[in-house]
Amino acid sequence: MAVIIIGGGAAGMMAALTARRQGARVILLEHQNRLGIKLSITGKGRCNLTNMKPIDEFLSNIPGNYRFLYSCLTQFSVQDLMQFFIDLGCALKVERGDRVFPEHDSAKELVHSLRLALTTEGVLVRTGITIEKLLKNEKRVVGVVLNTQETIMGSVVLCTGGITYPLTGSDGSGYRLAQECGHSLITPRPSLVGLKTKESWVTSLTGLSLRNVALSWGEGKKRRSEFGEMLFTHTGISGPIVLTLSRDIIKRLEEENSFDPIPVFIDLKPALDEETLDKRLIRDLEASPGKHLGNAMKSLIPRTLIPVILEICMLKETMACSDVDKIKRREILRVLKHLPLHVTNHAGLGEAVVTQGGISVNEIDPRTMASKKFEGLYLAGEMLDVDAYTGGYNLQIAFSTGYVAGMSAAHFDE
Ligand SMILES: Cc1cc2nc3c(=O)[nH]c(=O)nc-3n(C[C@H](O)[C@H](O)[C@H](O)COP(=O)(O)OP(=O)(O)OC[C@H]3O[C@@H](n4cnc5c(N)ncnc54)[C@H](O)[C@@H]3O)c2cc1C
């Protein structure tokens, strides 16, 4: 019997090649007109395919069910994935943050190497295919039925991805196939995505990037903070530290079905505590008493941010530094350390890097990626309820789970 892979993304292509290399007859079915569309836009077109951090640190970057992935990541490790691509003729390089990229800096080239390997090694690839249903008996999946009513017999590996960037083909349609086999769906939501804010002043700062700032949200023990780079968009905020915090903020917004915006705070000067920053302000103001306040702040924050900060403080840019008394100075200090924004929504599924939620991992054997509901069914990649932060972790998850699913499916029935 054949191994039928549904979904030709990172996980599906890896599953197909792995099963084929075990000697199985493999058919890869993709509903788009070509394979690997999402993969070819990863890493801003350069494909950050994995990360060389030690395993503990690697796992700490997977907030969504990292324990489930331990076996897969051991069976097909970061080193195994790197060797896999080197063997395909793709030299690799390691960049800042231990992120691994192809030396040619081209995600499209990488996808081309995968497509070439699939066809030359004998995987039957069929694109533009719509799957109507999985064919099954009481306890076993035995094939698929296409919308043309054509039937293909074999064990099935589902690798249909999540719900984000739906134009790439990952439109959530694959969840139905798993659900029809009794699998539960943990509400899929966007993660690693920009955030919309209530404050309309962000529009005036569109494109402004802030480095070495801290963004925080939540209270008490649940307070979370990220340090690094962020930027303003025409509807809110984005950039690395926003993407990282977006996962939990969106979950909170949607879980509580809350219409109350969630407050977040930017610390524009995280390297200076309040006392040190106050001394710095006093020094700057005293150095040029006749100068406009707006001009005196140029050495402290980006120019375009000054009118926004001063308006929140209800101070005029043109006021003389000598007129800034202790109360006004304290207010400036407060806003510099806790610039408030209120998150109303995410920037949209079409902009989210990854999906949190998906098919419940409790119903999947972590050692084989086999369904615990039906024999002859395997699941891999982003369609599962697993997700990670940026840095190459999500693709390693897709490739590792794809490898294990392909390997298991090839040896099913033996
Ligand atoms: C812009 C962007 C940049 C990213 N950059 C990185 C990065 O640099 N590093 C990183 O680690 N991660 C990155 N990611 C995340 C990473 O791309 C995904 O986690 C990964 O592609 C998931 O692989 P997958 O095979 O599970 O799903 P996908 O790559 O989404 O593939 C699923 C495939 O299944 C097909 N399909 C879906 N439904 C059906 C159906 N019903 N029938 C048939 N076929 C179907 C789809 O068309 C698609 O080809 C990025 C994501 C985005 C959106």
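Laid out as a table, the results:
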| quantity | calculated |
| --- | --- |
| Checklist (1) buried (at least 18 other Cβ atoms within 10 Å of the Cβ); (2) under 30 Å from Asp56 (Cβ atoms); (3) more than 21 Å from the chain's Cα centre (by Cα) applied to Gln83, failing item | (1) |
| Subset of region 216-252 [over 19 Å from Gly391 (Cα atoms) and crowded, with 18+ Cβ neighbours inside 10 Å] | Ser216, Trp217, Phe232, Thr233, Thr235, Gly236, Ile237, Ile249, Ile250 |
| Count - residues of region 371-414 that are of a type in the set (Phe, Trp, Tyr), more than 22 Å from the chain's Cα centre (by Cα) and more than 15 Å from Met14 (Cβ to Cβ) | 2 |
| Residue ID - surrounded by the fewest Cβ atoms within 10 Å (Cβ to Cβ), chosen from residues in region 86-107 that are closer than 14 Å to Gly45 by Cβ and over 19 Å from the mean Cα position of the chain (by Cα) | Asp105 |
| Residue match in region 126-144 (condition: touching a helix residue (DSSP H, G or I) at 6+ places or on another chain (Cβ under 9 Å), within 19 Å of Met14 (Cα to Cα) and either touching a residue at least 60 places away in the same chain (Cβ under 8 Å) or assigned to a strand (DSSP E or B) (or both)) | no |
| Strands (runs of 3 or more DSSP E) within region 162-251 that include 1 or more residues within 25 Å of Ala398 (Cα to Cα) and among the basic types (Lys, Arg) | 185-191 |
| Test result for Ala287, surrounded by fewer than 18 Cβ atoms within 10 Å (Cβ to Cβ), of a type in the set (A, V, I, L, M) and in the same structural domain as Gly207 (by TED's automatic domain parsing) | yes |
| Filter result (among the aromatic types (Phe, Trp, Tyr) and under 13 Å from Gln396 (Cβ atoms)) within region 19-69 | Phe58, Tyr66 |
| Scope region 234-275; condition under 18 Å from the mean Cα position of the chain (by Cα) and either free of Cβ contacts under 8 Å to residues at least 12 places away in the same chain or outside the structural domain of Ser209 (by TED's automatic domain parsing) (or both); matching residues | Arg252 |
| Which numbered condition Arg99 misses (of (1) within 12 Å of the ligand (Cβ to nearest atom); (2) within 30 Å of Glu363 (Cα to Cα)) | (2) |
| Some residue of region 76-84 being within 16 Å of the ligand (Cβ to nearest atom), under 16 Å from Ala16 (Cβ atoms) and in contact with a strand residue (DSSP E or B) (Cβ under 8 Å, 6 or more places away or on another chain) | yes |
| Test set (1) buried (at least 22 other Cβ atoms within 10 Å of the Cβ); (2) within 18 Å of Gly12 (Cβ to Cβ) - Thr368 fails condition number | (1) |
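Here is a yes/no grid of residues against (1) surrounded by 22 or more Cβ atoms within 10 Å (Cβ to Cβ); (2) in contact with a helix residue (DSSP H, G or I) (Cβ under 8 Å, 6 or more places away or on another chain); (3) at pLDDT 95 or above; (4) in the same structural domain as Trp201 (by TED's automatic domain parsing):
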site: Glu331; (1), (2), (3), (4): no, no, yes, yes
site: Val343; (1), (2), (3), (4): yes, yes, yes, yes
site: Leu384; (1), (2), (3), (4): yes, yes, yes, no
site: Ala398; (1), (2), (3), (4): yes, yes, yes, no
site: Val404; (1), (2), (3), (4): yes, yes, yes, no
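The values are calculated or read from the model by the stated rules, or taken from the named source; none is laboratory data. Bear in mind that the values here come from a model prediction, so they are computed numbers and not experimental data. Neighbour counts are summed over all protein chains in view; Cβ atoms, including those assigned to glycine, are modelled from backbone coordinates with ideal geometry.
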